[in-house]
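The values are calculated or read from the model by the stated rules, or taken from the named source; none is laboratory data. Small disclaimer: the values here were computed from a predicted structure and weren't measured. Neighbour counts are summed over all protein chains in view; Cβ atoms, including those assigned to glycine, are modelled from backbone coordinates with ideal geometry. Remember, those area values only see protein heavy atoms, side chains included, never the ligands or the DNA or RNA. Shrake-Rupley method; radii C 1.70, N 1.55, O 1.52, S 1.80 Å.
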Amino acid sequence: MTGVADPGKRRSSVRSARGAPRFDRGRSRIGLLQVCAAGVLWGTGGLAVTVLHQRDGLGVLTVSAWRMLLATATLIGCAVATRRWTSVRATMREQPVLAVVMGCCTAAFQGLFFVSVLEVGVSVATVVTMGLAPLLSATWEHLRARTRPSARQAGVLAAALAGLVLIGATADHGSGGTGGSPYLGLLSAGAAGAAYAATTVLGHGAAQRSDPVALTTCTTTVGALVLVPVLPVTAIGGHPLLGASPGSLVLLTYLGIATMALAYFLLYAGLRTTSGSAATVATLLEPVSAAVLATALLGERLPWPALLGGALILIAVAALPPTEERLVQA
């Protein structure tokens, strides 16, 4: 018959007009919560690295190498225990280039960020790195789709970046840079932001096709192989290779299991239902959690601009759309 709309098509158009179904919205909210949890875990890592450096003299690249190795061992053990090793092998076989690129980006992000910290200090390094990542992610997504951001998306990003600047400019996260090349520090921070943005953008596509445990295992293993040469170089140079106390070993284990293996699993699991740009905004909870820990455990006092900055980031994360908004064609 002609002139009669197909009921299936009519229901489909209603779903498209009104957005994703309730089930998908719920999954998207869970995805955002997973990414937020990853950001909070990363925020605790800075305090642990600071304690290890001050107590045992461990270099940041040495800590990063151990962190990646411990995370790799944990993830491989988890994959074997949960019978997902076949999935790990399949992921590496089906997406070898993507897994290697993402692993290298993860290792590069850590190394470049820590170089920036040494040159320009934690505050400047954090603002440049974490501020550039969501800008690059959002720009890439809209260029690829030939769209422009909605007013809500622009407002969320502006509030998040303003909050990040306020926290970085006023909160006392530690001493400033000790290096003699601020331009190198800024360049390293920018490169770190680009590496992190690339990880989330690539991870968004890879997460749709791979199990989160398998994807995290593959990328972390690659990152560990990239950073492991740091350990023999450290030993040959006569620098500390491991902490001397049981507490230091516990901190290293925590860094590997919680802030690396678990955090990146949560990131990739969240990226299954969350866009890369939204994920980079959600992980701005990292500096917020770091500031809260510094206040609670180190006795640091946050000035009111830092408190305002934290509130702006929390508002921005809460305002992130639970599902993909309809994009405006450019």
Length-normalised contact order of the stretch 41-194 in % [C-alpha pairs under 8 Å, at least 6 apart]: 34 percent
Using 7 Å Cα-to-Cβ label points, what is the Ala154/Trp304 separation (nm, one decimal)? 3.0 nm
Would you kindly calculate the translational diffusion coefficient of the stretch 213-327, applying Stokes-Einstein with the Kirkwood radius from alpha carbon pairs, for 25 °C and a viscosity of 0.890 mPa s, and quote it in µm² s⁻¹ without decimals? 141 µm²/s
Grab the Cα-Cα distance for Ala145 and Ala162, subtract it from 0.36 nm times how many residues apart they are, and report the gain in nm with one decimal. 3.5 nm
Which of Ile236, Ile167, Ile30 is most accessible, then next, and so on - probe 1.4 Å: Ile236, Ile30, Ile167
Residue-level accessible surface for Val213, protein heavy atoms, 1.4 Å, Å²: 10 Å²
By how many nm would the segment from Arg89 to Leu249 grow when fully extended, if each residue of separation counts as 0.36 nm and the alpha-carbon distance is taken off? 54.5 nm
Hey, can you grab everything whose amide H is under 5 Å from the amide H of Thr147? Only 5+ residues off in sequence or another chain; H modelled, so Pro and N-termini drop out. Ala330
With a 1.4 Å probe and all protein chains kept in place, how much accessible area does Thr139 have, in Å² rounded to the nearest 10? 70 Å²
